[in-house]
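A.B. asks: Right, I'll just put the structure down here and ask away after.
The values are calculated or read from the model by the stated rules, or taken from the named source; none is laboratory data. Every value quoted in this text rests on a predicted model; they were computed, and no experiment measured them. Neighbour counts run over all protein chains shown; Cβ positions are idealised from the backbone, glycine included.
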């Protein structure tokens, strides 16, 4: 998350594609950490909606994150190839979504939520 947030603040030549990618990766790793801690098996995937489906038995309220998770899923590879580029608005949304996932996952795991 730190890399995405830092790159979002860059004034000269920011890399919004990287911001979106790192935000997606943050959310993915936290979703997988929650599933791993609960001994719920999951496939090798970047599909955050699929991971959410597995986590809903643990945290039904996470259903509200579905739109953000679907948006982040598209960022896993979408901006890493020519033809698409993220803008500042997409990058800001990605960071906000990842921070939300991170906070909820850390709370679920009993970890500090600050920073």
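A.B. asks: Inside segment 95-108, can you point out the residues that are closer than 15 Å to residue 38 by Cβ and surrounded by 14 or more Cβ atoms within 10 Å (Cβ to Cβ)? Even if it seems obvious, please write down each step before you answer.
C.D. replies: Residues of segment 95-108 closer than 15 Å to residue 38 by Cβ: 104-108.
Across segment 95-108, the qualifying residues are 104, 105, 106, 108.
A.B. asks: Next question, about the same structure. For segment 1-82, give me every one of the helices (runs of 4 or more DSSP H) that falls completely inside it and has 3 or more residues that are at pLDDT 90 or above and surrounded by fewer than 20 Cβ atoms within 10 Å (Cβ to Cβ). Steps first, please.
C.D. replies: Numbers: elements: 2-9, 16-37, 48-55, 66-74.
It comes to 16-37, 48-55, 66-74.
A.B. asks: Are any residues in segment 5-35 over 26 Å from residue 108 (Cα atoms) and touching a helix residue (DSSP H, G or I) at 6+ places or on another chain (Cβ under 8 Å), and if so, which ones?
C.D. replies: Of everything in segment 5-35, those that are over 26 Å from residue 108 (Cα atoms) and touching a helix residue (DSSP H, G or I) at 6+ places or on another chain (Cβ under 8 Å) turn out to be 7, 8, 14, 15, 16, 18.
A.B. asks: Then there's this: Return the residues of segment 43-67 that are without any contact (Cβ under 8 Å) to a residue 12 or more places away in the chain, in contact with a helix residue (DSSP H, G or I) (Cβ under 8 Å, 6 or more places away or on another chain) and over 14 Å from residue 105 (Cα atoms); say none if nothing qualifies.
C.D. replies: Within segment 43-67, 43, 45 qualify.
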